[in-house]
Amino acid sequence: MFFIRRETLSNQISIAASASREHLLNSHAYQIIVAKFGGTSVADFTAMSRCADIVLADPNIRLIVVSASSGVTNMLVEMTKQSEAAARLNAYAGVERITYAVLQQLQQQALVGAAIEQLLLELKTLVDLNRSYSDIEKDLVQSFGERLSSVLFAQVLAERGAPVSSFDVRRVMRTDSRFGKGEPQIDTIAALTAQYLQPLLNQQLIVTQGFIGADSQGQTTTLGRGGSDYSAAILGEAVGAKVVQIWTDVVGIFTTDPRLTDQARCIPEISFDEAAEMATFGAKVLHPATLIPAMRQNIPVFVGSSREPNAGGTWISKQVDTKPSYRAIALRKAQTLITVKSPAMLHAAGFLARVFDILSRHQISVDLVTTSEISVALTLDDAPGSAFTQSIEPALAELKAFSEVTVEQNLSLIAVIGNHLHSTRGVTGSLFQALEKINMRLICHGASRHNLCFLVQDGEAAGVVKELHQALF
Ligand code: ADP
Ligand code: ASP
Ligand code: MG
């Protein structure tokens, strides 16, 4: 027998469950595993139930980080983009529909009904704005996806007999005030976690939100799209987790995005360095920053499928048994290539410094660079919401004051990831052979032993990855 109590104010659901499990949680024989469930994993009640099976099967899983249900963040982003009230309402209705579909399948809807209604009401008031959204409001709107899914998932676990609370991660996930791309403040997060979160973990399972945080003024921020993986790793670092699990819709990290070729296969183990390169160069399965906290604290990360939790997965860790030359191929679309040329700089010093000074003042982050004496070509990530769209124009104007600037868009960055690529015989030979008919717009090789990168037209990219995968694997 167990009873359920709701604490409306803190949005918490608590349930005193079977004595045995409580005993397990209170004994300190267990080391914390942080489990993160992505959007498709918490897409609906059935998917959430599968995640509950995973959590309940392992008493070490104590901290659970959830994404918004699949599609919800896109709807919330859409809501803030629309100028027409009807279109905003339409986006809101989508979120409401997904939320109610889960709520209606709960056995004890009343226990979370009020909390869910309250969140939806708050969101609805943000639909009725008669002006465009500020950056602060955009982040606030986007935060509702994770705030809703975490309350629902906590209740799914509660109904399975787990002692569980949902926890507002904004109490601990302190970021700076860069809305849309909040930078986590690691030391403050550690201190706040020790104070507010760690004590709770000794008593119950905690379900919290990925992706969102709050600045020092208490304003809601987000870590950037796909940021829940990063949240899980940051929280894993803060609580001293022994493992961070990323549960998603694929059975691990593949040799390339399995949507690009059916020949892609799961990589059982991969080093932090290689996986970090994959994430940086577009393997969407992990947010690019995810491995930074894991590497800092040497916390192994497991990636698996919440649909097939027993089908294996990928272990990412510092030491791996195998270090193949070719590990994977990553693809990042919508890249921009900027070429800056200044004949006046022939034999003059300081050209590159001048170019990079301008880019850095405009907070533009550069990925690939190739240079000659009087010109430099560099690539920028042109993802929506990236620094590119906001600050490129003023930066270009400054560059044009002393050089010719050309901008090429719709390019894809393809990265071959592996080990000792800079010193392995035949690497570029195999690549050029595989891609003899392709116009490679730019190539970077030698700076990293873990990657070799090049640019092709967006339209050709998927085919190139497929061809290259066939040749290298
Ligand atoms: P979640 O919502 O669980 O965070 P994402 O959609 O963000 O899931 O990431 C999982 C997706 O990443 C997969 O469905 C797959 O298409 C894509 N992906 C891209 N590259 C890879 C790769 N190398 N290995 C596995 N998945 C990849
Ligand atoms: N819900 C957020 C997004 O869709 C964060 C995440 O899923 O990781 O981008
Ligand atoms: Mg993701």
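The values are calculated or read from the model by the stated rules, or taken from the named source; none is laboratory data. Just so you know, these numbers come straight off a predicted model, no measurement behind them. When we count neighbours, we look across all protein chains shown, and the Cβ atoms used for this are built from the backbone with ideal geometry, even at glycine.
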Looking across segment 333-344 at residues that are surrounded by fewer than 24 Cβ atoms within 10 Å (Cβ to Cβ) and assigned to a strand (DSSP E or B), the single one that is nearest to ligand 1 (Cβ to nearest atom) is 333
Checking residue 216 against (1) crowded, with 18+ Cβ neighbours inside 10 Å; (2) hydroxyl-bearing (Ser, Thr, Tyr); (3) more than 16 Å from ligand 2 (Cβ to nearest atom), which single condition isn't satisfied?
-> (1)
Take segment 231-242 and flag every residue that is in contact with a helix residue (DSSP H, G or I) (Cβ under 8 Å, 6 or more places away or on another chain) and at negative phi.
-> 231, 233, 234, 235, 236, 237, 238, 239, 241
Strands (runs of 3 or more DSSP E) lying entirely in segment 1-98 (those with 1 or more residues that are surrounded by fewer than 22 Cβ atoms within 10 Å (Cβ to Cβ), at pLDDT below 50 and among the basic types (Lys, Arg)) | 4-7
Output the number of residues of segment 359-381 satisfying the condition of being touching a helix residue (DSSP H, G or I) at 6+ places or on another chain (Cβ under 7 Å) and of a type outside the set (Gly, Ala, Ser).
-> 10
Which residue, of 351, 356, is hydrophobic (A, V, I, L, M, F, W, C) and touching a helix residue (DSSP H, G or I) at 6+ places or on another chain (Cβ under 9 Å)?
-> 351
Test: residue in segment 275-291 that is more than 19 Å from residue 422 (Cβ to Cβ), polar (S, T, N, Q) and either within 16 Å of ligand 3 (Cβ to nearest atom) or part of a helix (DSSP H, G or I) (or both) = yes
Only one residue in 271, 231 is more than 9 Å from ligand 1 (Cβ to nearest atom) and farther than 22 Å from residue 31 by Cα. Which one?
-> 271
Counting only residues that are modelled with pLDDT under 95 and among the small types (Gly, Ala, Ser), segment 313-361 contains a total of 9
Mind telling me which of the residues 325, 305 ends up being surrounded by fewer than 23 Cβ atoms within 10 Å (Cβ to Cβ), touching a residue at least 12 places away in the same chain (Cβ under 8 Å), of a type outside the set (A, V, I, L, M, F, W, C) and within 15 Å of ligand 3 (Cβ to nearest atom)?
-> 305
In segment 121-139, is there at least one residue being surrounded by 15 or more Cβ atoms within 10 Å (Cβ to Cβ) and touching an Asp or Glu at 6+ places or on another chain (Cβ under 6 Å)?
-> no
Residues being within 8 Å of residue 211 (Cα to Cα) and among the polar types (S, T, N, Q) - total across segment 222-251 | 3
How many of the residues in segment 380-437 are in a loop (DSSP other than H, G, I, E, B), at pLDDT 85 or above, surrounded by fewer than 17 Cβ atoms within 10 Å (Cβ to Cβ) and of a type in the set (Gly, Ala, Ser)?
-> 1
Within segment 234-248, residues being within 13 Å of ligand 1 (Cβ to nearest atom) and in contact with a Ser or Thr (Cβ under 7 Å, 6 or more places away or on another chain) number 2
Neighbours by Cβ (under 7 Å, 6+ apart or cross-chain): first from segment 247-260, at positive phi; second within 14 Å of ligand 3 (Cβ to nearest atom) = 252/303; 252/304
Taking into account only those residues within segment 232-241 that are away from ligand 3 (no atom under 11 Å from the Cβ) and within 11 Å of residue 35 (Cα to Cα), which is nearest to the chain's Cα centre (by Cα)?
-> 233
For segment 308-322, which residues satisfy the criterion of being surrounded by fewer than 22 Cβ atoms within 10 Å (Cβ to Cβ), not in a strand (DSSP E or B) and not β-branched (Val, Ile, Thr)?
-> 308, 309, 310, 311, 312, 318, 319, 321
When you look at residue 284, is it surrounded by fewer than 20 Cβ atoms within 10 Å (Cβ to Cβ), within 16 Å of ligand 2 (Cβ to nearest atom) and free of Cβ contacts under 8 Å to residues at least 60 places away in the same chain, yes or no?
-> yes
